[in-house]
Structure formats: C-alpha cells, structure tokens
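Participant: Structure incoming, see below.
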Amino acid sequence: MPRSFADANGDGIGDLAGIIDKLPYLEWLGIDAIWLTPPYPSPLRDGGYDITDFTAIHPDLGSLDDFRLLLDRAHACGIRLILDLVLNHTSVLHPWFQRARWAAPGTPEREFFVWRDDERGYADAPVLFRHFESSNWEWDPMAGQYYLHRFLRHQPDLNYANPAVEEAMLQVVDFWLEQGVDGFRLDAVPFLFEAEHSRCEGLPETHAFLRRLRSRVDACGRDVLLLAEAIQPVRESAPYLADDELHAAFDFALTAHLFAAVAHGRCDDLLHCLSHAQEMVPGCRWALPLRNHDELWLGDGHLVEQSVIEAILNGFPEGRDHWLNWGINRRLAPLLNGDPRPNTLLHGLLYSLPGLPCLYYGDELGMGDWPGLRDRDANRTPMAWTRAPNGGFSTAPDPLLVLPPITAPGFDYRMVNVEVQQQLSGSLLNWHHRMLTSRRLLPALRHGDVVWLESGHPGVLCYARHCPECQDGDAPQPSMTVVVAANVSSAGASTQLELGRWQGSRMRDTLWGCEFPAASDAWFVYLPAYGFFWWLVGE
Ligand code: BGC
C-alpha cells in the first residue's frame, strides 16, 4: 500500500519515492516482487480502487517519472513490479462516467456503463460490500436511470459488452506495458460480464475477454505475470489458469483452510483443499495469501463450507467482533493474539507449499492494527520502521498522517519496528529474512512438484517437494528433495513419518543444518506446538 509504506517528502502520505528509499530493505528481506495497490488518481473512496485516470499516478504518490524510476531501481535490485489493474469499474468521477451520465441512452458513450430503468436486474448477484451497500444498483438523477456497481456506489461497473470499453482498457494495459511493468494483479476479475440468473461471476464472456487480454500482453514479447484476484472456490478459479488465459490466481479457499487448521488443530480439511487445488491445476501457479489489505474474506458458504467459517470463528473469537462484509477485518498478528508460533507456522507453510507466497507489508514484523478505523483502514496503517515519532514512516506532524501508526499495547511501533527487529537475532523479521533466503537456495520449494505424505497424526501436515536436475537462472542445479512437516496444533506432536521411498538417505534440517537420523519407513519425529521442519533429503 504505497500510501502507508514510507513517506519521503514529509507530507504524511507514503509515496513512490518512499518505496525507492526502502528498496534496500526489501532486497535484504528477500522478496522477488512488489505488488503495488492502485497508484492512480482517485478520490480515495475505496483505498484507490476507485479510479479517475488509469494512465497517471496520484499526485500524492509522485509522478510517472517517479514510477519509471521506481521500476528501474527495483529492477536493479532484482525486484519486479506487479501493478494492480482495476478492470471492473471506475470512480463516479472518471470522465467516462461523467460523459456517460449526460449522453443519450443507447449511445456508445452512455453504454460505457451498465444502466437499467429499475433495480431489479441481476438479482442473483450477491451484494459484496454488504456493510456499506444494500443493492448493486444506484439511481443517477442526471441519467434518469440506475447504474450497476458490484462494489461501492462510487464505483460504477464498466460495460464489457461494449467493444469500446474492451479496447479502452486494453490500451491501458498497453500503456503500462510500455512503462515496463512486470505484471498485473487483475482486481475483481470475475465480475466483468453479467448475465441474468447467475451470480455474475466468471461467465464465459469474461474468460473470452481474458484470453484476448493475454494475447495482447503476449504481443509485447516480455515475461509479464497476469495474476487473478478471484475470491471463488478452486473449481471456479481454476478456469482462469487455462493455458491461454492467466498465469496465476490467488487461492483464497486455501487461506481460509490455513486459519481453520490452526483454529481446530487438525489438518485433514487443509490437506484435502491443497490436493484438490493441485488436481485442478498442478504446479506453482496458485498465489498463496495469508492476509492482505482487505478483510480476511470467508464468504457466505460459497468460497468454503460454513463449517470452515465456524471453525475459524470458534478458534479466533476476535473474528466475530471484527466482522466486515464477508470476513474478518484484522491483521494477522492481532488475530493470532500476538503469538509468534502460529504466525511462523503459517508463513512456514506459505513459503514451502507449491505456489507464489504473498507477504503483506508489516506482517514480517507481526505489526498490529487499529480496529475501529473506517472500512478496512484498520489493516492499512503506516509501516513501523523505527522508534522515532510516527514509527519513522513520516516526518509530518501526526494530524497530517494518512492513518495513525500503531501504539496499541503489545504492538506499539516503539517496540514492533524494523530497526529493533533487525537487531534482535530471534525476531520475527530476522526469521522471515532467513526463511526467504533459504527458500531462494532451495529450488525444490520454488518450483518443485509436490507429494502429500502420510503423517500418522491428525495435526501434522507432511509433504515432499522435489525438482529434478535443472537450470536455475544461470546456475545448474542438481535434483533436490525437501520434506516438510508442520504441526498445526497447539500441543506437541510425536509421530511417525513414512519416508520409506528415501530409505537410508541423509535428513538435514535446512534452517540450522542439524543432522537427523537417516530416512526410513517408520521415521519418528517430535514437533513442538506449531513447530515445523524443512529437511533436505540426501547429500
Ligand atoms: C480489492 C479491494 C477493493 C475491491 C474493489 C478488491 O477485491 O482488493 O480492496 O475494494 O476489489 O475494487
């Protein structure tokens, strides 16, 4: 969230120059890419997802020149830049909408958006922001008609049935490709087309458009990642990963199952969810989020079964008190009650499961949140860099800050910040740095295939990641196998792993290099509460 990351010009708002200043930190941390939430001009009624100009930078954040500089500097650090692309809607203040509301019905200008004479259309499409809106339609007195908005009423849905809309948005894509971006996170991608008697999610027309988008992107001849944000069950998000469509998609069902596993200390449903995603789309194309700038979306029983939602709410009673729209509006660390053990367990899984692990800024510190702030702002407060005023985020007087820095007990920025944690060898931040460094050195974790192994304990998830001999960048890599075991329960687990297929091979813990007994078909191991290991198998 550029507005909350680092403020370089001292106006109280994070900016692109602030991100440039912090690139050495991000490089040290060990990330591969930055996902930038929408940096475009916007009245900020929805955190910048309500856009008035798709091909410019919000003046609070800097200029296009700053953006190009950020790209160059990030590339020089080996970090790629993924831009949020909001295809589904604009702001009501976008010139396209202003033009549409005054244009005569039926004209191409008017048809940039979806209009009706009453608000009865698409009745099966759920209201997504149900704490803010009670209908997907809003009356526009200028137009004398209702317009469709799947999100806030300030965000009218573009009408993709109008070919001029498609072309206009593909030109936006061309524009950012020319700037040199490395990929797009396609926001709210299921909702582009509508049809009666459906939830208006992932319709065939939407997939057809995405294939045309993919060809347009391929035409630029560079490696560009297309990542879908589709908060849908895997059977519905898998089609976005057809070979001629998108490269990656978030697996939000997995996020819910990870929390549910920790909540009830069992991993059978989690294993089922993981193996189902691999059956649908094998390999590393699922993006794995734990938390992000939105609420922890659990849904209405469509994304995951009601029993999974109940397990989470029973395990994290906090969740019931901070329910927003369709999920829990809290950051990771407070949701886990400040306990670093489930925190490292969950990230340890994210960093070793097949897919693209996503780390939300501040979660590497166990940063807290400010419940009670408007909408999802609770999770979007300034990054805590140092013990200095405003957590080193900005030199502005605090009333000017974009959001208040965290001073809540247990999460106060004077304690929980980058400067302090870099100095403490046992800190969460140094743990993330070590894990990300290890992951870089273990190609099996980054692009290996996965085999689920019998763990013999209901709380222990066990799997092996394997990659054959390969070329990893410029370096030849020998074949590699890493076995992972993770105890999702709050009690220690003594168990027997079935490692017969590697009979007699060396087993070394990758983090500390400790030698374990050689692999066997009845390999005993003890995992402390929320403990986990990554073992390198063989030489
Ligand atoms: C983004 C949200 C945003 C919504 C509407 C999403 O899914 O992550 O932050 O409010 O799309 O653009």
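Participant: Where does each of PHE393, PHE209 land when they are ranked from fewest to most other beta-carbon atoms within 10 angstrom?
Facilitator: In order of increasing Cβ crowding within 10 Å: PHE209, PHE393.
Participant: Next up: Divide by every residue of the chain the summed helix terms, -39500 (n - 2.57) for each DSSP H run of at least 4, and state the resulting mean residue ellipticity at 222 nm, rounded to the nearest 500 deg cm²/dmol.
Facilitator: Taking each H run of at least 4 residues, the total per residue is -8000 deg cm²/dmol.
Participant: Quick one: 3J(HN,Hα) in Hz for the range 385-397, Karplus 6.51/-1.76/1.60 with θ = phi - 60°, rounded, Gly and Pro as x.
Facilitator: With the stated coefficients, the range 385-397 comes to 8, 9, 7, 5, x, 6, x, x, 6, 7, 9, 5, x Hz.
Participant: Now a separate question. What net charge is computed for the residues neighbouring LEU350, neighbours being all others with C-beta under 14 Å from the C-beta of LEU350, Lys and Arg scored +1, Asp and Glu -1?
Facilitator: Once all neighbours under 14 Å are counted, the net charge is 0.
Participant: Give the angle, between 0 and 90 degrees and rounded to the nearest 10, that separates the Cα long axis of helix 204-218 from the longest principal axis of the Cα atoms of the chain.
Facilitator: 80
Participant: So, one more: With a ≥ b ≥ c taken as the square roots of the eigenvalues of the C-alpha gyration tensor of the range 81-148, please select rounded if a/c is under 1.5 and otherwise prolate if a/b is larger than b/c or oblate if it is not?
Facilitator: oblate
Participant: Measure nothing fancy, just the Cα-based angle from helix 252-264's long axis to the longest principal axis of the chain, in degrees from 0 to 90, nearest 10.
Facilitator: Orientation of helix 252-264: about 50 degrees from the principal axis.
Participant: While we're looking at this one, here's another question. Pop out the ³J(HN,Hα) list for the range 103-119 in order, Karplus 6.51 cos²θ - 1.76 cosθ + 1.60 with θ = phi - 60°, rounded to Hz; leave Gly and Pro as x.
Facilitator: 6, 5, x, x, 7, x, 5, 5, 6, 5, 10, 9, 10, 8, 7, 9, 9
Participant: Still on this model: Quick one: which residues, 5 or more positions from ALA33 or on another chain, have an amide H under 5 Å from its amide H? H modelled 1.01 Å from N in the peptide plane, none for Pro or chain starts.
Facilitator: Here ARG80 satisfy the definition.
Participant: Moving on to the next point. What percent does the relative contact order of the range 13-106 come to when contacts are Cα pairs within less than 8 Å and at least six residues apart?
Facilitator: Relative contact order here is 34 percent.
Participant: Please state the charge dipole magnitude for the range 445-537, taken about the Cα centre, from unit charges on C-beta atoms (+1 on K and R, -1 on D and E), reported in debye and rounded to the nearest 20.
Facilitator: 140
Participant: For a quick check: sort ASP174, ASP72 by the number of other beta carbons within 10 angstrom, fewest at the front.
Facilitator: ASP72, ASP174
Participant: Compute the helix-to-body angle for 306-315: its Cα long axis versus the longest principal axis of the chain, expressed 0 to 90° and rounded to tens.
Facilitator: Here the helix axis deviates by roughly 60 degrees.
Participant: If you don't mind, another one. So what's Rg/Rh here for the chain, counting alpha carbon atoms and using the Kirkwood radius for Rh?
Facilitator: The Rg/Rh ratio comes out at 0.97.
Participant: What distance in nm separates the simple spin-label points at ALA123 and GLU167, each placed 7 Å from Cα in the Cβ direction?
Facilitator: Using points 7 Å along Cα→Cβ, the separation is 3.7 nm.
Participant: Given H placed on each backbone N at 1.01 Å, which residues far from LEU324 in sequence or on other chains put an amide H within less than 5 Å of it?
Facilitator: Under 5 Å from the amide H of LEU324: ASN329.
Participant: Cα centroid distance between the range 397-466 and the range 168-184, in Å?
Facilitator: Centre-to-centre (Cα) distance: 32 Å.
Participant: Counting pairs of alpha carbon atoms under 8 Å apart in space and at least six apart in sequence, what relative contact order in percent does the range 226-346 give?
Facilitator: After rounding, I find 25 percent.
Participant: Mind sorting PHE151, PHE524 by how few other Cβ atoms lie within 10 Å of their own Cβ, fewest first?
Facilitator: Placing the least packed residue first, the sequence is PHE524, PHE151.
Participant: Put +1 on the Cβ of each Lys and Arg and -1 on the Cβ of each Asp and Glu in the chain; which of GLY500, SER479, PRO405 then has its Cα farthest toward the positive end of the dipole?
Facilitator: Working it through, the farthest residue towards the positive pole turns out to be GLY500.
Participant: Karplus couplings for the range 183-197 from phi (6.51 cos²θ - 1.76 cosθ + 1.60, θ = phi - 60°), rounded to Hz, Gly and Pro as x?
Facilitator: Residue by residue, the range 183-197 yields x, 10, 8, 8, 5, 6, 5, x, 9, 5, 10, 10, 8, 4, 6 Hz.
The numbers here are math on the coordinates, done by the rules we state, and not lab data. Because the structure is predicted, anything quoted here is derived from the model rather than measured. So basically every Cβ, Gly included, is an ideal-geometry build from the backbone, and we count neighbours across all protein chains shown.
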